[in-house]
Amino acid sequence: MWMAAAASCPTPVRETHCVYRYTTVCLLAVFLSGCIASKGLEGDTAEYRKRLARVLRLELSEPSEAQMLTFPDTRLMRQDISAVTINLTQWYGLRSCRLGTLIAERNTTLGKTAPSSQRLIYEAKLIEALQDCLLGQPQQSAQTQQLRGWLRTKLDQYPAVWANLIQTSPEMRQAFTMGHDNLAIAPGAGADASVRALQLLGQQREYNTVTDRELEQQLKTLANERLPATIWRLQAQLTAELENLNNQLPQFFQQLACPGRKASEQVEILRNVFYLFFIQKIQPVASRLNHHSYQLKPVWQAWLSDDALHPEFRYYLKYHTEEAFTAYQQAMAQHIELWQQLFARCSLSPQAPALL
């Protein structure tokens with residue numbers, strides 16, 4: 001495209017101007033296509049803004065700082081689970097089933113200070129042991145009635161134990177607050193594993209047997225990958241940067257010349273910037289962000305309506321998964337519409353630059 005424009009100079013009189021124009025455009029093509037290795041989303045959006053400003057020959061202000069992920073105080077969200085009291089006589093009567101051993105474990109120092117993940121495991125084992133102890137018991141005996149009462153209590157308490165794991169465990173706090181700088185463009189095993197881990201944790205809301213190893217592996221995956229926080233951090237960065245550009249670019253785009261619906265050289269270069277940065281770098285990250293957000297939507301919807309979870313925690317989820325996500329989608333749509341209007345006015349399409 002650029003080389004054809006240079007070769008079309010028809011007369012020797014214009015030869016010097018033609019060579020100058022060809023050299024200038026080639027330098028701009030090198031300027032646009034060179035040194036654009038990804039710097040993470042924050043770096044790529046900043047570079048996108050700087051390149052636009054340079055081509056438009058104006059100053060574009062920087063966006064306001066994206067909102068931090070401020071997780072609610074875990075002390076506020078932690079629920080106290082009342083203990084079931086069993087006297088020695090009752091305990092001696094339970095030694096023939098596994099329940100007696102579990103009660104002894106709970107009374108140790110380790111049992112009293114166990115992390116929320118181990119507490120959930122313990123409570124699941126306790127419910128299972130209570131159910132096992134009831135098998136073969138005389139239906140109307142005092143011990144049977146006592147066991148049934150304990151089982152009802154533990155089943156009622158289980159959602160609160162699960163909520164403590166979701167809201168207060170260090171691994172979940174890390175997953176909800178400490179996002180990475182970018183999302184892989186190609187489907188990543190880490191992100192997919194995080195989605196599965198959150199889905200499995202959601203299934204633990206109702207009493208369900210789960211092994212120590214399985215639960216700890218889920219939490220480890222979430223702590224390492226930090227997918228929720230990464231999604232929310234990136235959508236906040238995109239929203240801030242694109243809203244900033246959407247507020248500034250329209251007035252300058254309207255002034256760009258496209259005589260006879262033919263793009264000027266400046267508009268052609270802007271189209272290249274749009275392709276090299278927005279299409280090739282920003283949009284793929286946004287696509288992965290959307291993909292994982294929709295994968296996790298059923299989990300978030302279930303948790304948002306769950307009374308076992310603290311209102312502050314649910315508000316935190318609602319803001320990032322609904323309100324902030326909607327704002328991000330609107331900013332993306334408005335930005336694309338802005339470029340579509342320019343391309344339509346200048347008879348262009350967002351294709352790859354000719355000299356790439």
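Some notes on this structure:
- Residue count for segment 253-268 under the criterion of being outside any helix (DSSP H, G or I) and either under 25 Å from Asp181 (Cβ atoms) or not small (Gly, Ala, Ser) (or both): the result is 5.
Conditions (1) free of Cβ contacts under 8 Å to residues at least 60 places away in the same chain; (2) part of a loop (DSSP other than H, G, I, E, B); (3) assigned by TED's automatic domain parsing to the domain that holds Ser61; (4) under 19 Å from Gln340 (Cα atoms), marked per residue:
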{"position": "Lys220", "(1), (2), (3), (4)": "yes, no, no, no"}
{"position": "Leu242", "(1), (2), (3), (4)": "no, no, yes, yes"}
{"position": "Gln251", "(1), (2), (3), (4)": "yes, no, yes, yes"}
{"position": "Leu270", "(1), (2), (3), (4)": "no, no, yes, yes"}
{"position": "Gln280", "(1), (2), (3), (4)": "yes, no, yes, yes"}
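- Within segment 284-337, the residues that satisfy the criterion of being farther than 20 Å from Ile166 by Cα, among the polar types (S, T, N, Q) and surrounded by 14 or more Cβ atoms within 10 Å (Cβ to Cβ) are Asn290, Gln329, Gln330, Gln334.
Conditions tested, residue by residue: (1) farther than 30 Å from Pro72 by Cα; (2) more than 23 Å from the chain's Cα centre (by Cα); (3) among the polar types (S, T, N, Q).
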residue	(1), (2), (3)
Glu241	no, no, no
Gln251	yes, yes, yes
Ala257	yes, yes, no
Pro284	yes, no, no
Pro311	no, no, no
Met332	no, no, no
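- Residue in segment 193-200 that is assigned to a helix (DSSP H, G or I) and of a type in the set (D, E, K, R) present: yes
- Picking from residues in segment 70-101 that are buried (at least 17 other Cβ atoms within 10 Å of the Cβ) and part of a loop (DSSP other than H, G, I, E, B), the one that is modelled with the lowest pLDDT is Leu94.
- Residue check, Leu215 outside the structural domain of Ser61 (by TED's automatic domain parsing), in a helix (DSSP H, G or I), crowded, with 17+ Cβ neighbours inside 10 Å and in contact with an Asp or Glu (Cβ under 8 Å, 6 or more places away or on another chain): no
- From the options Leu126, Leu134, Leu165, Leu120, residue that is out of contact with any Cys (no Cβ under 8 Å at 6 or more places or on another chain), surrounded by 18 or more Cβ atoms within 10 Å (Cβ to Cβ), under 16 Å from Tyr207 (Cβ atoms) and modelled with pLDDT under 90: Leu126
The values are calculated or read from the model by the stated rules, or taken from the named source; none is laboratory data. The structure presented is a predicted model; accordingly, all values stated were derived computationally and were not measured. Cβ: placed from backbone, ideal geometry, glycine included. Neighbour counts: every protein chain shown.
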